[in-house]
1. Kindly express, to the nearest 10 degrees and within the range 0 to 90, the angle between helix 2-17's C-alpha long axis and the longest C-alpha principal axis of the chain.
2. Determine the shape class of the chain: with a ≥ b ≥ c the square roots of the Cα gyration tensor eigenvalues, call it rounded for a/c under 1.5, and otherwise prolate if a/b is greater than b/c, oblate otherwise.
3. Could you pull out every one of the aspartates and glutamates with an alpha carbon less than 15 Å from that of LYS337, ignoring same-chain neighbours closer than 8 positions?
4. Can you give me the relative contact order of the chain as a percent, contacts being Cα pairs under 8 Å and 6 or more apart?
5. By how many degrees, 0 to 90 and rounded to 10, does the Cα axis of helix 39-48 deviate from the longest principal axis of the chain?
6. Go ahead and collect, in residue order, the members of segment 199-219 whose backbone nitrogen is under 19 Å from a label point 7 Å along the Cα-Cβ direction of ARG186.
7. Taking the alpha-carbon set of segment 356-435, what are its Rg and Dmax in Å?
8. In segment 229-309, what GluC sites (Glu not before Pro) fall in a loop by DSSP, with at most 14 other Cβ atoms inside 10 Å?
Amino acid sequence: MFARLVMMFAVLLVSVTSNVPAQISGGGGDAHPGLKTNAAALRKWQEMRFGMFIHWGPVTLRGTEIGWSRGPQVPIEEYDGLSREFNPVLFNAKEWIGAAKSAGMKYLVIVSKHHDGFCLWDTKYTGYKITSTPFHRDVLRELSQECTRQGIMFCTYYSILDWHHPDYTTRYGGDTRPVLESGMDRYRSYVKNQIRELVTGYHSKLLWFDGQWEKSWTHKDGMDLYSYARGLSDALLINNRVDKGRKGPGQAADSESYAGDFGTPEQEIGGLDNRHPWESCITIGTQWAWRPNDTLKTLKECIHILAKTAGGGGNLLFNISPMPDGRFEQRQIDRLKGIGKWLEQFGESIYGTRGGPYRSTPWLASTCRGNRIYLHLLIPPKDQVRIPAIPGRTVRSARVLGGGEIRPHMEGESLVIPLPSAPADGNDTVIVLELDGPAETLGALDVPAGS
Ligand code: H79
């Protein structure tokens, strides 16, 4: 009897999970055909849906961009000297991670080393690092430990290009140092040594590479680094910028020839794609690194970005820029709390969902889980929502998330959903549709422009 029950449960489980469209696996590229993305780690991370990105370093003392101001805006010597003044005495890992938690974020990706080469941890392989500044403390160590304490997944960004390291062979920003072509052999070892420190010493669970586009880095280098890193920890996730295959949002595994586990649209929201894993990275202001008096996105814009990202089937990595003294700006903290407050009420429409079935429009995003569809009304229509009917499914019931029941009806090929006079939320009112069958297997549905 018990065995039969177990059997029935197993059959049920298989039939439930096999309803979800299969993902195209990423992995180590054509040099490593047997090395595929760790599916369990990927799924767990995708269910988190929302993470915090942090760009920070000595450059915040000037308030210019971390990625491309060294040389063009701040003379190279002056830029590289900023580390001697960097002393963010008000840095507090507990407050940073607490702010991420208050926003409903589930993981942290901190810049360990950006294009400028400065290292935010006590690496053995260079003196150009946080523990050589007047601050002396190991920022990544404190953040990694605090993430463990507060239950946040700790991840690191690492730029492959390094315009400061003597052995890296592409020059930027009017840098006149001679190039030794033989340097890349040494530089590749430097990268591997640092990655080993981050993964084994700091327990980074995801590597967010960047700066792979310069000619110094090859497809072979990308696949080799991917397989090296997975060799350190098989559950590690690695973005597609480890290799040269990045094209659109679904770049991770569009072509299995290239290494990487997920795609990385930057400052844009990916289109609906539940098959190729992806994550959009988007800044809270206009710069990655802190800029005084930067224009911030409104709370409504932040919530819409999150809803549309989930609505496309992707994660959102939302970038915060701490100040040179180590604190987050109060207005950034407030924005994070605002998002968290919305998620506390409406989080079931984001976490653990898939995108669609309706493709996002300026006024609508949709997510789904099991037999449920969540309609995010970004600009709520006046009295009713009119969208194309769902092929092969009947709507069993409908309600406003955090509000009352509503009764949709069919009009020809359209599903018409009457709305209560007062929206449930001024930023994003969510309607839940309960279907008579799975929503996650439905194909993409287009909402006509005039709807
Ligand atoms: O870390 C963040 C950026 O600093 C980094 N990727 C994200 C995650 C990044 N580095 N470079 N880029 C992104 C693309 C650079 C585009 C540029 Fe430009 C073209 C830099 C200079 C010319 C656009 C136009 C930005 C400044 C001028």
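1. It works out to around 70 degrees.
2. prolate
3. GLU95, GLU301, GLU329
4. Computed value for the chain: 17 percent relative contact order.
5. Roughly 80 degrees between the two axes.
6. 216-217
7. Cα radius of gyration and Dmax of segment 356-435 are 11.5, 33 Å respectively.
8. GLU268
The values are calculated or read from the model by the stated rules, or taken from the named source; none is laboratory data. Computed from a predicted model, the values in this text were never measured in an experiment. Please note: Cβ atoms are built from the backbone with ideal geometry, for glycine as well, and neighbour counts cover all protein chains shown. Accessible surface is based on the protein model in full, side chains and every heavy atom, while ligands, DNA and RNA are left aside. Shrake-Rupley method; radii C 1.70, N 1.55, O 1.52, S 1.80 Å.
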